[in-house]
Amino acid sequence: MTTDELIVEAREGVGHLVLNRPRAINALTPAMLRGIHEALDDWSDEGSIVRVEISGAGERGLCSGADVRALREHVLTGGDHMEFFEVEYAMNAAIKAFNKPYIAHMRGITMGGGLGVSAHGSRRIAYPDSAFAMPETIIGFIPDVGILYYLAQAPGELGTHVALTGNPINATDAVLVGLADEIDEADGEAPASQLAAWQGWIDECYATDDPAEVLARLEAHDDPAANAAAADLRKRCPLSVAVTLEAIRRAKGMGSVEEVLAQDLTVARHLIPRPDFVEGVRAQLVDKDRNPVWQHARVEDVTRDEVLACFA
C-alpha cells in the first residue's frame, strides 16, 4: 500500500505510516488523507498489527499541514472544496477512535493538518527540535482538525493565545497545552517553557469573549511580550481572529473531538469560500509578500452577527 506520497508498511506487528513529501514538509494531499484512513480501517481488524506509528520523511518535520495552495486553486476554479475537509476530518476522527496504540513521532515542523494526524493519537512524542503551531488565522481560516478540543482545555488562557496568534510553540509548551504527551530527549535537552513564563499576562488579557477587548488589553499591558502578541494579532485576518475566539469558547463545552470536528466543518463551509482565505494563502504562500488585504481592516470592525453566521 505504498504510493509516492504515503508509505504504508506492516513490519513485525507494527503498522508504519510515513508521510513522504519531504520537499513540501510532507504537506497533506487528499490521496494521503484517504490512504491513512484506509490503512487504519485495515489494521483495526488485523490481528497481527499491535500498534501504528506515524512519522514524516526528510529532516524538516512531520508535516507542515494541508496543501492549502492546492486548496486555494480548487476554490478559485469552483471545485468542491468541502470534499477535502470532509475527508480530512473523517481521518482525524478515525485516529481518535482507533482501537490500538497510535504513536505519533512529532519531529520538527508539526503544524496545522500535521497536528491533525498526530495529536489525536494515544501516544504523542515531541522532540527538542519540534515546532508546533495552528497558524490558520494568518490565512483567513481558524485552527481546525479538532485541535481546539485540546487548546480549550489548556491551563488558563494559554490555548486561546496559541489559537488566536498561531505562533509556533516548542515541545515543552506543546505538552503543557495538551498537544503532546512526552519529549524524547535522546538527541538533546527539552527547551524551557515560554508559555509558562507568560501565563500571567496571557490569562489577564485573553479572559474575555470579546476579540476587540483582547486586543485592547494586550496593547495596554506593560509587558512587551503582550504588546508583541497584539502586533501579531493585528496582522491576522480580523474575521478569523473573532471566529476563532468564539470557536474555542464553544469547544470548551464540547465533550469529544468529534463534536469539535463537526464545528470545524461548519465553519469551513462559511470561511473557505470567502475572499479572505484566497487572499491569505496568496499573501503567505503564493506571492509571499506577507501583505494581505483583508475584508475587515481591524478586529473592531467585525460584527457579532458576522461571527455567529459562521456557526449557522
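The values are calculated or read from the model by the stated rules, or taken from the named source; none is laboratory data. This structure is a prediction, so every number in the text was calculated from the model and none was measured. Cβ coordinates were reconstructed from backbone atoms using ideal geometry, including for glycine residues, and neighbour counts include every protein chain displayed. Just the protein is used for accessible areas: all its heavy atoms, side chains included, with ligands, DNA and RNA removed. Shrake-Rupley method; radii C 1.70, N 1.55, O 1.52, S 1.80 Å.
Find the relative contact order for the chain and round it to a whole percent, using C-alpha pairs within less than 8 Å whose residues are 6+ positions apart.
Across the chain, relative contact order equals 16 percent.
So who's got an amide H within less than 5 Å of the one on Leu28, skipping anything under 5 residues away but keeping other chains? H placed 1.01 Å off N, in plane.
The list, which skips near neighbours in sequence, is Gly65, Ala66, Asp67.
Under a plain spin-label model, where a point goes 7 Å from the Cα along Cα-to-Cβ, how far apart in nm are Ala216 and Gln194?
Between Ala216 and Gln194, the label points sit 2.8 nm apart.
Along the range 175-189, what does the Karplus equation 6.51 cos²θ - 1.76 cosθ + 1.60 (θ = phi - 60°) give for ³J(HN,Hα), rounded to whole Hz, x for Gly and Pro?
My calculation for the range 175-189 gives 5, 4, 9, x, 9, 9, 9, 7, 10, 7, 9, 4, 10, x, 7 Hz in order.
What distance in nm separates the simple spin-label points at Glu258 and Ala90, each placed 7 Å from Cα in the Cβ direction?
It works out to 1.5 nm between the two label points.
Relative to 2.2 N^0.38 Å, what does the C-alpha radius of gyration of the range 1-81 come to as a ratio? Two decimals please.
Numbers: Rg = 14.3 Å, N = 81, 2.2 N^0.38 = 11.7 Å.
Ratio of Cα Rg to 2.2 N^0.38 Å: 1.22.
In the range 1-122, carbon and sulfur make up what percent of the accessible area (probe 1.4 Å)? Walk me through the numbers on the way to the answer.
Numbers: 2530 of 5210 Å².
Exposed carbon and sulfur together represent 49 percent of the surface.
Which residue, Pro273, Pro224, Pro168, has the most motion in a Gaussian network model of the chain that connects Cα atoms within less than 10 Å?
Pro224
Below 26 Å, Cα to Cα, which lysines can Lys288 reach? Residues fewer than 8 away in the same chain don't count.
Lys235
Please give the contour-minus-distance gain from Asp305 to Ala207: 0.36 nm per residue of separation, less the Cα-Cα distance, rounded to one decimal in nm.
Taking Asp305 through Ala207 to full extension adds about 33.2 nm, to one decimal.
Placing +1 on the Cβ of each Lys and Arg and -1 on the Cβ of each Asp and Glu in the chain, which of Gly253, Val267, Gly116 has its Cα farthest towards the positive end of the resulting dipole?
In the chain, that residue is Val267.
Relative to the present Cα-Cα distance, how much length would full extension add between Ala225 and Arg269 at 0.36 nm per residue of separation?
Separation in residues times 0.36 nm, less the Cα-Cα distance, equals 12.4 nm.
So between Ser44 and Ala297, what do we pick up on full extension, going 0.36 nm a residue minus the alpha carbon distance?
Values: separation 253, 0.36 × 253 = 91.08 nm, distance 4.88 nm.
The span from Ser44 to Ala297 would gain 86.2 nm if fully extended.
What residue among Ala133, Ala192, Ala247 has the largest mean-square fluctuation in a Gaussian network model of the chain, using Cα springs under 10 Å?
Looking only at Ala133, Ala192, Ala247, the biggest GNM fluctuation is shown by Ala192.
Based only on the alpha carbon positions, what is the Kirkwood hydrodynamic radius of the chain, in angstrom?
19.6 Å
In nanometres, what is the gap between the two model label sites at Arg23 and Arg234, each 7 Å from Cα along Cα-to-Cβ?
3.9 nm
Could you state the principal axis extents of the C-alpha atoms in the range 145-228, from the largest down, to the nearest angstrom?
So the three principal-axis extents are 43, 29, 17 Å.
In whole Å, largest first, what are the principal axis extents of the Cα atoms in the range 100-151?
Answer, in whole Å and largest first: 34, 25, 15 Å.
Once the principal axes of the Cα atoms of the range 69-185 are found, what is the range along each, listed largest first in whole angstroms?
Extents along the principal axes: 46, 34, 25 Å.
At a Förster radius of 45 Å, what calculated FRET efficiency corresponds to the Cβ-Cβ distance of Asp184 and Asp289, to the nearest 0.05?
Taking R0 as 45 Å, the efficiency between Asp184 and Asp289 is 0.75.
Would you tally the net charge around Gly140, using a Cβ to Cβ cut-off of less than 13 Å, leaving Gly140 out, and scoring K and R as +1, D and E as -1?
For residues surrounding Gly140, the net value is +1.
Can you give me the orientation-averaged projected area of the convex hull built on the Cα atoms of the range 39-93, in nm²?
Mean projected area for the range 39-93: 5.4 nm², to one decimal.
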